[in-house]
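Have a look at the structure below, then the notes.
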Amino acid sequence: MNKVIIDFGDSTDTEIGPIADAVIIGCASTNTNFSVVTELAAVASANTTYKADLALCKHGNETNTTNKNTSKGVLVDDLRNLGNEVNIQAGGDRVKALSSKFPMAKEAEHQVMGIVEDFHVETTSIAGTFFLHVKKPTTFSTHGTTFAYWDPALGPTPADKNKWFHRHSNGISISLAGFTPGVTYFFASAYKGLDTDAPIWSATVSKMAGD
């Protein structure tokens, strides 16, 4: 069954905007294959905010960079929500899925996932940067690892970790920058399986960003 790609956590700043632009056009109301008004509006709004924040980063201001990273995370999550709806409504029809202008992927072989082992979050010598890592299990996903975090400044931490900000690694570790020193953030991790597989999240870890 054919599905669109919904994970854009690894997309660069120069990649994510054009992806969103194409999807906004592809999923417009003129495309009768989909009814995604709410999800599309969220992507359009997030894309506008992200582009404005990205433009401000040319001045090299740390606050602007933090805002850009936050709005990019929102855009990535909104694209994932829209992509999920596209996959549901396309029902595996490649022609319908392609009309959304999302990049396409062929569904891979199902892979059984396990709980992550020894998930750790560490501060580094660089202010506002964390190093996250897990152990490689016996049956490791070839899809990599999902690392999730939540910024308490955005409100109460959602119980559903799928609603947190996600970053993905092809390995078992990742460095994340742009956090505010002195603020405690929440983290979790899961081995990345297929988009149809529900991730099995680790326990939540809280850690204060260093200065």
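Values quoted throughout were computed directly from the atomic coordinates according to the rules given, and no laboratory measurement underlies them. Keep in mind the model is a prediction, meaning the values are calculated, not measured. Virtual Cβ from ideal backbone geometry, glycine too; neighbours counted across all protein chains shown.
For the range 117-208, the Cβ-based charge dipole about the Cα centre amounts to some 80 debye (Lys, Arg positive; Asp, Glu negative; other atoms uncharged). Per residue of the chain, the DSSP helices (runs of n ≥ 4 H) give a summed -39500 (n - 2.57) that works out to -11000 deg cm²/dmol at 222 nm. In summary, the aspartates and glutamates within cross-link reach of K51, defined as a Cα separation below 20 angstrom excluding same-chain residues under 8 places away, comprise D7, D10, D13, E15, D21, E39, E62, D77, D78. In summary, the convex hull built on the alpha carbon positions of the chain has an orientation-averaged projected area of 11.8 nm². A simple charge model with +1 on the Cβ of Lys and Arg, -1 on the Cβ of Asp and Glu and nothing else charged puts the dipole of the chain at about 180 debye relative to its Cα centre.
Neighbour counting of Cβ atoms within 10 Å sorts the residues D10, D78, fewest neighbours leading, into D10, D78. A simple spin-label model places pseudo-atoms 7 Å from Cα toward Cβ; at V183 and A198 they are separated by 3.1 nm. Note on the range 2-106: with charges restricted to the Cβ of Lys and Arg (+1) and Asp and Glu (-1), its dipole about the Cα centre is near 260 debye. Straight-line cross-link reach from K136 at under 24 Å between alpha-carbon atoms covers these lysines, not counting any fewer than eight positions away in the same chain: K161, K192, K207. Under the classification rounded if a/c is under 1.5, otherwise prolate if a/b is larger than b/c and oblate if not, where does the range 117-208 fall, given a ≥ b ≥ c as square roots of the Cα gyration tensor eigenvalues? Oblate.
To the nearest 0.05, how large is the calculated FRET efficiency for K58 and A159 if R₀ is 35 Å and r is the Cβ-Cβ distance? If you can, show how the numbers build up before the last one.
Numbers: r = 38 Å, r/R0 = 1.08.
After rounding, the FRET efficiency stands at 0.40.
Taking +1 at the Cβ of each Lys and Arg and -1 at the Cβ of each Asp and Glu, which of N61, N162, A28 sits farthest along the dipole of the chain towards its positive end, judged by Cα position relative to the Cα centre? Result: A28, furthest along the dipole toward the positive end.
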